[in-house]
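**Q** First, the structure itself, so that you have it in front of you.
Just so you know, all these numbers are worked out from the coordinates, no wet-lab data involved. A quick note: this is a predicted structure, and the numbers were derived from the prediction, not measured. Backbone-built Cβ (ideal geometry, glycine too); neighbour counts: all protein chains shown.
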Amino acid sequence: MLKPADFFQCQKCGECCKGYGGVFVNKQEIKHISRYLNMDAESFLTDYCQWSGGRPLIRTSESGYCVFWDKVCTIHPVKPRMCKIWPFIESILVDPTNWDVIRSVCPGVCGNVRSEDLTECVRQVLTQYERDCHC
Ligand code: SF4
Ligand code: SF4
């Protein structure tokens, strides 16, 4: 059986951490990240988040990257779900051609992938996340 690593090897280029992000954080993520940063949740929201549609998302710094990008993700062990599952996101299950869109911005993903194999890997990643996540 093919594994996610057969389709994706992160090049650590930071491209996915660049730009005005859609990296929203939920209550559990706020709790985990603020604890990791040794600060309270309110300070984390004030210092590192902005609001969009009534929900907090991680801010982009003046460099154009996520505030937590510094050649690596500085909150890697507690980074939000979106960052943990990337690039195996749900929208691929809706339309596998979304993989091509991801491929255009992420040099770590392979092309010429069969849709069935890809969707199976997305399911594997999402299932593993639910198993590991203590939210
Ligand atoms: S864009 Fe892709 S290869 Fe680059 S850091 Fe993000 S996930 Fe890794
Ligand atoms: S939290 Fe980490 S992985 Fe996610 S966008 Fe920010 S720097 Fe990138």
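**Q** Let me spell it out: the conditions are (1) without any contact (Cβ under 8 Å) to a residue 24 or more places away in the chain; (2) within 30 Å of M39 (Cβ to Cβ); (3) within 16 Å of ligand 1 (Cβ to nearest atom); (4) of a type in the set (G, A, S), and G64 meets all of them except one. Which number is the exception?
**A** (1)
**Q** I would also like to ask the following. Search segment 5-27 for residues being of a type outside the set (K, R) and more than 15 Å from the chain's Cα centre (by Cα), and hand back the single one that is nearest to I102 (Cα to Cα).
**A** Of the residues in segment 5-27, the ones of a type outside the set (K, R) are 5-11, 13-17, 19-26.
Remaining after also requiring more than 15 Å from the chain's Cα centre (by Cα): 5-7.
Details: A5: 16, D6: 16, F7: 12 Å.
Step by step, filter segment 5-27, then rank; the result is F7.
**Q** Regarding segment 122-135, can at least one residue be identified that is in contact with a helix residue (DSSP H, G or I) (Cβ under 6 Å, 6 or more places away or on another chain), part of a loop (DSSP other than H, G, I, E, B) and surrounded by fewer than 17 Cβ atoms within 10 Å (Cβ to Cβ)?
**A** Yes: one or more hits.
**Q** Taking segment 89-104 as the region of interest, how many residues are surrounded by 13 or more Cβ atoms within 10 Å (Cβ to Cβ) and either among the acidic types (D, E) or within 14 Å of ligand 2 (Cβ to nearest atom) (or both)?
**A** 1
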